[in-house]
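This report concerns only the one structure given below.
The values are calculated or read from the model by the stated rules, or taken from the named source; none is laboratory data. What you see is a predicted model, and the numbers here were worked out from it, not measured in a lab. Every residue, glycine among them, receives a Cβ derived from its backbone with ideal geometry; neighbour counts consider all protein chains shown.
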Amino acid sequence: MTLQQAIIHFSDADNCIKYMVDLRWPDGVVVCPTCGRNDVSWLSNQRKWQCKSNHAKRQFSAKVGTIFEDSPLGLDKWILASWMIANCKNGVSSYEIARNIGVTQKSAWFMLHRMRLVMDTTETDAKLGGSEGGPVEVDEAFVGGEPKNWHNSKRIAHHKAVRSERVRTYQNAFTHKTAVIGMLDRESRQIRAKVVPNVRRETLQNEILDIIEFGSKVYTDQAVTYKSLKDKYVHDTVNHANQYVNGQVHTNSIENFWSLMKRNLKGTYVAVEPFHLDRYLAEQCFRFNTSRTHNDETRCAKLFSQVLGKRLTYAELTGKEAGASF
């Protein structure tokens, strides 16, 4: 139930393996990930299983087929790092993980990104709102450093690059930031957030149509990008120039999430590249979505229940692999 108890319990390698077996094979029958055979042999000296069929990769560990595959680090280190990223409210830096579990900062950074990928459940998440949900608040935000903190040479280069010479004097304040959109269901306290290329009407409304059930109550501010939502939703707005709350119509809950997210980025991670930002958003959403329904133990168990079938290589993470997203 506590970090101290988790450290003591998972310092035993056999306990780590049993924990993974209980999550992967709840019925207790270990199955070969290559051929599906369920009468595998246990090799106690190597702490691995061996399939009785003759094929490649006959021997396999509890990490095969999960986000931990091919990692030389033991499950004791993985579980401790996962416990910390899942339960530390303000996140945990790679330097802190490196000091606590005895690995290099580079390895800790890679571990954290792999766990953030596990936290991302956008492909399987149910839609917000609808008959079982409540009103959904929608808002956009901008993430990034302030130009006043840049080196002067970078400011000059950016100033020339993003605008034509005719309009350089009227520089758009947000051209140096990354746009994100967030949607929060008040009833279920579930949130969805992702990076978007821009905050144009078509971009934001396509995201809303994909995530929120038609006919739901949707609350936004009076930005023109949300004007035509009334065609699909019960849409109400609040004018932030005059007030922040109009009865039940407000966006204070999603604004609270933005506050938590930005303090997390500024205080713990300090500098986040735009092409990694989606994973940091997934981390913040995971903790927010489980804040009221889980304790530390069950939150870590939920995280581990999502490690199957996911993979992130270092080459892909750093953009050196073909097909990387940046």
Single residue of the stretch 114-129 satisfying the filter (out of contact with any Ser or Thr (no Cβ under 6 Å at 6 or more places or on another chain) and part of a helix (DSSP H, G or I)) that is nearest to Cys285 (Cα to Cα): Met119
Among the residues in the stretch 254-264, are any surrounded by fewer than 15 Cβ atoms within 10 Å (Cβ to Cβ) and either modelled with pLDDT under 90 or in a loop (DSSP other than H, G, I, E, B) (or both)? no
Among the residues of the stretch 1-37, what is the count of those that are of a type outside the set (Ser, Thr, Tyr) and over 17 Å from Lys63 (Cα atoms)? 10
Lone qualifier among Val195, Val218, Val199 - being over 22 Å from Gly133 (Cβ atoms), in contact with a helix residue (DSSP H, G or I) (Cβ under 7 Å, 6 or more places away or on another chain) and part of a strand (DSSP E or B): Val195
Filter the stretch 275-326 down to the residues that are without any contact (Cβ under 8 Å) to a residue 40 or more places away in the chain and farther than 22 Å from Arg189 by Cα and list them by number. Thr313, Ala315, Glu316, Thr318, Lys320, Glu321, Ala322, Gly323, Ala324
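Is at least one residue of the stretch 37-45 small (Gly, Ala, Ser) and outside the structural domain of Trp109 (by TED's automatic domain parsing)? Full working, then the answer.
Just the residues of the stretch 37-45 that are small (Gly, Ala, Ser), to begin with: 41, 44.
So of that shortlist, the ones also outside the structural domain of Trp109 (by TED's automatic domain parsing) come out as 41, 44.
Scanning the stretch 37-45 turns up at least one residue that is small (Gly, Ala, Ser) and outside the structural domain of Trp109 (by TED's automatic domain parsing).
Return yes when Val92 is outside any helix (DSSP H, G or I) and either within 15 Å of the chain's Cα centre (by Cα) or β-branched (Val, Ile, Thr) (or both) and no when it is not. I'd like the intermediate steps shown before the answer.
Values: outside any helix (DSSP H, G or I): yes; either within 15 Å of the chain's Cα centre (by Cα) or β-branched (Val, Ile, Thr) (or both): yes.
So Val92 fits the description; yes.
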Pair list, Cβ < 8 Å and 6+ apart or interchain, from the stretch 74-88 residues that are in contact (Cβ under 8 Å) with a residue 40 or more places away in the chain and closer than 15 Å to Ile8 by Cα to residues that are outside any loop (DSSP other than H, G, I, E, B) and among the hydroxyl-bearing types (Ser, Thr, Tyr): Leu75/Tyr19; Ile79/Tyr19
